[in-house]
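**Student:** Here's a structure for you.
The values are calculated or read from the model by the stated rules, or taken from the named source; none is laboratory data. A quick note: this is a predicted structure, and the numbers were derived from the prediction, not measured. Note that we place each Cβ from the backbone using ideal geometry, even for glycine, and neighbour counts take in every protein chain shown.
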Amino acid sequence: MSERIHPVYEIAEYVAANEPDTPQYGKVRQHLSQCRACRDLMAQLRHTEVALRTLPVEAASQALMPQVVSIVSRRQVALPEWSFMPWTVWVPAASVITASMMLLLLLPSETPVLRNLADVTAPILKPEILNSWLVSFRLHFTHNTLVTVGSAAAAILGGAGFVWALASLSPEQNEKLDNLGEQVADRATHWLHLRRSG
Amino acid sequence: MASEVTPELVKRCQEGDQVAFGEMLSITQNSVFNIAYRVLGDREDAQDAAQEAYLRLWQGLPAFRSESKFSTWLYRVVLNTCLNRKRQLRRQLQVVESDMILESIQEPGPEPLRQALESELSGRIWKAVESLDIKYRLVITLFYQEELSYSEIAELLTLPIGTVKAHLNRARVALARLLPEMNGVT
């Protein structure tokens with residue numbers, strides 16, 4: 001029986017939905033009224049449906065619960081402290097914002113990418129501002145040293161904030177991120193494989 | 001079943017109450033083990049995966065913010081634990097087989113699928129389910145045994161609802177086509 005001529009999958013869904021008398025399955029019912037082969041399949045699908053709904057659940061071994069409880073009892077759980085905004089949110093956010101500010105102060109307004117934005121960013125993008133502020137603390141840097149040290153500090157601070165933010169994700173978010181990561185890795189592997197095979 | 005875990009019980013678990021965790025475990029362990037077993041196909045592997053999933057759950061409980069239903073989160077933890085052990089399954093789940101491939105499920109010849117059909121209908125169907133591809137076993141388990149809706153399964157497996165329905169319908173048809181071999185089942 002060809003699936004291209006007979007709507008077998010639609011019939012399967014119709015039976016699983018308990019054969020509702022709705023317009024959604026109008027074409028299915030019409031086909032069934034004219035096709036003996038599909039009516040036979042429908043009878044088989046009904047039996048399958050009943051059997052599937054009574055499938056036995058594979059029971060866990062008696063040892064599972066004691067094993068898990070015994071491991072868990074050896075572990076302490078830190079209770080989450082309530083606060084208006086948890087430190088796991090504001091500390092990473094503050095570090096990323098500070099890092100961004102530092103980079104803005106360090107980037108010269110002549111940076112090619114930012115040239116078009118020069119009018120807007122010129123008042124901000126001046127390492128001299130940062131340098132003059134440091135001089136007030138009796139710290140003297142050359143322009144290049146300031147940019148190098150500042151960029152490194154910003155990268156470390158921003159990176160730490162980002163990592164911290166990732167580490168602070170809730171279990172649901174973590175599971176979703178894991179899932180996403182796996183899918184990206186699989187797609188990348190698949191793409192590489194296709195590229196290699198020509 | 002995981003849906004029977006009450007929010008109060010989850011809250012007690014979150015507070016580090018090990019007795020409550022034990023209660024939650026006794027309610028959900030068969031579901032968790034069943035899913036792990038259907039995916040991994042081996043009792044020992046399923047036992048290890050279930051244990052690992054519960055430990056991940058315990059560690060994650062304090063930060064669980066009820067953004068999703070507890071049962072959905074539990075299933076996701078179990079599935080991710082199992083999928084980490086069966087990495088190729090994640091990609092297989094995305095693929096909806098052509099009808100040609102289904103023909104090969106329908107007529108397997110003397111292979112295990114047909115050999116399995118030798119006892120009572122329910123048992124025979126169950127054996128036949130075990131002989132299907134993992135992705136079909138998984139959606140059948142989630143739909144018929146865990147009684148999740150199409151949309152819940154789609155959310156859990158991060159698949160479009162259409163793909164979930166396609167997997168289920170293909171499995172149903174493949175199983176139904178084996179019924180004529182079972183004389184006197186009605």
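**Student:** Select from the range B:69-79 the residues that are touching a residue at least 24 places away in the same chain (Cβ under 8 Å) and facing another protein chain (nearest Cβ under 7 Å) and write down the one among them that is farthest from B:Cys13 (Cα to Cα).
**Tutor:** B:Arg76
**Student:** What is the residue count in the range A:92-144 for residues that are of a type outside the set (D, E, K, R), part of a loop (DSSP other than H, G, I, E, B) and at pLDDT 65 or above?
**Tutor:** Here the count works out to 7.
**Student:** Let me ask you something else. Does the range A:15-37 contain any residue that is touching a helix residue (DSSP H, G or I) at 6+ places or on another chain (Cβ under 7 Å), within 7 Å of another protein chain (Cβ to nearest Cβ), within 29 Å of B:Thr141 (Cβ to Cβ) and part of a helix (DSSP H, G or I)? If you could, list the steps in order and put the result at the bottom.
**Tutor:** Of the residues in the range A:15-37, the ones touching a helix residue (DSSP H, G or I) at 6+ places or on another chain (Cβ under 7 Å) are A:15-16, A:25, A:28, A:31-32.
Add one more test, that the residue is within 7 Å of another protein chain (Cβ to nearest Cβ), and what stays is A:16.
Applying the additional criterion that residues be within 29 Å of B:Thr141 (Cβ to Cβ) yields A:16.
Now narrow it down to the ones that are part of a helix (DSSP H, G or I): A:16.
Yes, there is a match, as at least one residue in the range A:15-37 is touching a helix residue (DSSP H, G or I) at 6+ places or on another chain (Cβ under 7 Å), within 7 Å of another protein chain (Cβ to nearest Cβ), within 29 Å of B:Thr141 (Cβ to Cβ) and part of a helix (DSSP H, G or I).
**Student:** When the range B:21-47 is examined, which residues are found to be surrounded by fewer than 18 Cβ atoms within 10 Å (Cβ to Cβ), more than 7 Å from every other protein chain (Cβ to nearest Cβ) and in a helix (DSSP H, G or I)?
**Tutor:** Within the range B:21-47, B:Glu23, B:Ile27, B:Arg43, B:Glu44, B:Asp45 meet the criteria.
**Student:** Identify, please: which residue in the range B:1-20 is within 11 Å of another protein chain (Cβ to nearest Cβ) and touching a residue at least 40 places away in the same chain (Cβ under 8 Å) and is, among those, surrounded by the most Cβ atoms within 10 Å (Cβ to Cβ)?
**Tutor:** B:Cys13
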